[in-house]
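The block underneath contains the structure these notes are about, expressed in structure tokens.
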Amino acid sequence: MEIYRSRRQLDAEDAVEYGTQRYLGSPGSTGRSNRQRDGSAGDQGGTTTFFGNGVYKSTDNGETWFLLSSTFEAGQDATLFDSRFDFNSKIVVSPADGNIYTIANGFGVNRSTDGGNSFTTVLGGPGDHQYADVDVATDGTLVAVLSEADDGGVIAFTPGVYRSTDHGDNWTNITPASFPASHGRSVLALAPSNQDICYVLTSTGDGNRTNVKFHKITVSTGASAERSANL
């Protein structure tokens, strides 16, 4: 069994739980102004900075790990957020073809079709979106979500929810009409009982962390229902 994980360096003034996140700066190649993203560390009053050094792969069920050279830039400044592998929040592997998909905050969705030897950004772009998420069905269908634009520049993909049925080569926008116009981070998951159903939980990004929206989406058709009132 092959397993993948992303390693991030942690510098914290206070203890933080797994999943806490804060990263400073936008990708250096964009020339856009620096931004700061906060997770629960901001609530705790601590300073938590994550900088990664790439994606690790195991071929012996997690007994040993090795760094994928395609995800590490030799000589890269570990104190800067300047790579799509500095802050990976999720890694999924397609059951259909073994493609690897990583979620890179500040970049979007990356894909490897050769076991991690190389990666290509297939949804999003450098500095285009603060957050993203992705899930993959057993038949290889992908569903992903992009947060609103980072700093207001020209972007390749409109923020929202997307579907791909060709392994990420092309994407169809299936964003619900009731999706919030202003939105921060979204997380999504396909229903195990019916992988044509996707649930998306979205922060409106208005500073009120309890003000969230919840949508149920039929992936194949884009039909949706807002379920926020059920929360």
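Structure notes:
- Answer from Ala223, Ala149 - the residue that is within 15 Å of the chain's Cα centre (by Cα), surrounded by fewer than 20 Cβ atoms within 10 Å (Cβ to Cβ) and among the small types (Gly, Ala, Ser): Ala149
- Gln195 meets all of the listed conditions (1) touching a strand residue (DSSP E or B) at 6+ places or on another chain (Cβ under 7 Å); (2) assigned to a strand (DSSP E or B) but one, namely (1).
- The one condition in (1) surrounded by 21 or more Cβ atoms within 10 Å (Cβ to Cβ); (2) within 24 Å of Tyr56 (Cα to Cα); (3) of a type in the set (A, V, I, L, M) that Ala189 fails to fulfil: (1)
- Within region 116-136, being touching a Pro at 6+ places or on another chain (Cβ under 9 Å) and touching a residue at least 60 places away in the same chain (Cβ under 8 Å) holds for Pro126, Gly127.
- Which listed residue is among the small types (Gly, Ala, Ser), out of contact with any helix residue (DSSP H, G or I) (no Cβ under 6 Å at 6 or more places or on another chain) and under 18 Å from Gly52 (Cβ atoms), from Ser164, Ser89, Ser118: Ser89
- Residue among Asn105, Asn53, Asn99 that is over 26 Å from Ser203 (Cβ atoms), modelled with pLDDT under 95, of a type outside the set (D, E, K, R) and surrounded by 17 or more Cβ atoms within 10 Å (Cβ to Cβ): Asn53
Per-residue answers, yes or no, for (1) in contact with a strand residue (DSSP E or B) (Cβ under 7 Å, 6 or more places away or on another chain); (2) at pLDDT 95 or above:
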| position | (1), (2) |
| --- | --- |
| Val122 | yes, yes |
| Pro126 | no, no |
| Ile155 | yes, no |
| Arg163 | yes, yes |
| Gly168 | yes, yes |
| Pro176 | yes, yes |
| Pro180 | yes, no |
| Ser224 | yes, yes |
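- Where strands (runs of 3 or more DSSP E) fall entirely within region 103-169, those with at least 2 residues that are touching a His at 6+ places or on another chain (Cβ under 8 Å) are at 108-112, 142-146.
- Condition met for Asp86 (in contact with a Lys or Arg (Cβ under 9 Å, 6 or more places away or on another chain), at pLDDT below 85, assigned to a loop (DSSP other than H, G, I, E, B) and not aromatic (Phe, Trp, Tyr)): yes
- The lone exception for Gly184 - which of (1) under 18 Å from Asp128 (Cβ atoms); (2) surrounded by fewer than 16 Cβ atoms within 10 Å (Cβ to Cβ) it fails: (2)
- Test set (1) free of Cβ contacts under 8 Å to residues at least 24 places away in the same chain; (2) more than 24 Å from His183 (Cα to Cα) - Ala149 fails condition number: (2)
- Residues that are modelled with pLDDT of 70 or more, small (Gly, Ala, Ser) and surrounded by 16 or more Cβ atoms within 10 Å (Cβ to Cβ) within region 202-220 comprise just one, Ser203.
- Enumeration of residues in region 180-200 that are over 16 Å from the mean Cα position of the chain (by Cα) and aliphatic (A, V, I, L, M): Ala181, Ala191, Ile197
The values are calculated or read from the model by the stated rules, or taken from the named source; none is laboratory data. All values reported here derive from a predicted model rather than from experimental measurement. Ideal geometry is used to build each Cβ from the backbone, glycine not excepted, and the neighbour counts take in all protein chains shown.
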